[in-house]
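To keep things clear, I will list the structure first and then write my remarks on it.
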Amino acid sequence: MSIQEIFNAVLAFDDATVKTKTQAELDAGNDIQAILNDGLISAMDEVGEKFSSGELFVPEMLMAAQAMKAGLAILKPLLAEGSRQGRGTVVIGTVKGDLHDIGKNLVSMMIEGAGFDVVDLGVDVDSEAFVKAASENKADVIALSALLTTTMPAMQTTVTAVKEAGLAVKTIIGGAPVSQAFADQIGADGYGADAPGAVKLVKKLVA
Ligand code: B1M
């Protein structure tokens, strides 16, 4: 029994084993942060690398993220009250008018798996809600997802609203119809092509 087995189980998309091994490591008195960082988070880093190199694809990434979440669900209540995973806070959502959430959920899970606190606002989120959540949660990053060309303008509206609110928060965008050029055009701080790309971007912006 070891933390390595948790790592291996995430890479094997084996939710049940991740769950039992995570509980077993806790019962054996192992450090929560070690289980989180060396078991769950490193496994998701590995998944991200494998996705980038074309060894894994979206369905596998979703399964790995699901397995990671099974372990995270056991650890979360045990983290001391008020204690956060510590790397920073990301507010995420799919922009107003857009109901697509599969990619956004994947990005959300991967960012959480990388050790950030994530406030997921869901879908069809207007600019006011993003600004309010970022302010209330002292967010470091607001992550906007859109899958429709018709909802891309809502990204512009949100980025502008964030700037006008004077919040010290970075904005990043992603989703099939958007690009780095569009991010530059609307004044966003970054563009992530996929979930691992979003994680890398958040790590860079929050460093
Ligand atoms: Co919709 N849909 N859909 N749809 N849908 C698309 C997007 C579409 C391309 C299909 C098509 O026509 N070929 C098309 C958009 C055309 C366009 O705008 N150019 C379309 C349309 C037109 C519509 C409706 C308007 C259809 C209608 O009702 N007439 C309607 C709109 C509803 C609305 O949102 N208001 C609609 C509805 C739906 C369903 C509800 C049926 C369903 C969504 C279910 C759900 O999400 N819960 C759906 C689906 C499933 C799709 C397709 C088939 C798949 C999307 C998906 O989940 N991909 C899609 C066609 C396609 O993409 N092949 C399509 C898998 C997912 C993992 O990838 O979301 O791209 P993706 O996320 C990636 C990256 O984009 C990136 O990382 C993710 C992982 O790598 N990423 C980010 C995403 N967000 C990011 C944020 C980041 C960084 C990276 O940083 C912040």
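Results, tabulated for the structure shown:
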quantity: Per-region count, the stretch 135-163, residues aliphatic (A, V, I, L, M) and within 24 Å of A73 (Cα to Cα); calculated: 4
quantity: Failed condition for R87, given (1) at pLDDT 90 or above; (2) open to solvent by 10 Å² or more (accessible area, probe 1.4 Å); (3) not in a helix (DSSP H, G or I); calculated: (1)
quantity: Some residue of the stretch 58-77 being polar (S, T, N, Q) and open to solvent by less than 60 Å² (accessible area, probe 1.4 Å); calculated: no
quantity: Any chance T160 is away from the ligand (no atom under 11 Å from the Cβ), hydroxyl-bearing (S, T, Y), out of contact with any strand residue (DSSP E or B) (no Cβ under 7 Å at 6 or more places or on another chain) and touching a residue at least 24 places away in the same chain (Cβ under 8 Å); calculated: yes
quantity: Scan of the stretch 9-49 for residues that are out of contact with any helix residue (DSSP H, G or I) (no Cβ under 8 Å at 6 or more places or on another chain), assigned to a helix (DSSP H, G or I) and open to solvent by 30 Å² or more (accessible area, probe 1.4 Å), ordered by number; calculated: T20, D27, Q33, N37, D45
quantity: Strands (runs of 3 or more DSSP E) lying entirely in the stretch 139-207 (those with 3 or more residues that are among the hydrophobic types (A, V, I, L, M, F, W, C), surrounded by 15 or more Cβ atoms within 10 Å (Cβ to Cβ) and modelled with pLDDT of 95 or more); calculated: 141-145
quantity: Test for K132: is it over 30 Å from N37 (Cβ atoms) and not in a loop (DSSP other than H, G, I, E, B); calculated: yes
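The values are calculated or read from the model by the stated rules, or taken from the named source; none is laboratory data. What you are looking at is a predicted structure, and each value in this text was computed from that prediction instead of being measured. With ideal geometry, Cβ positions are generated from the backbone for all residues, glycine too; neighbour counts draw on all protein chains shown. Only protein heavy atoms, including side chains, enter the accessible area calculation; ligands, DNA and RNA are left aside. Shrake-Rupley method; radii C 1.70, N 1.55, O 1.52, S 1.80 Å.
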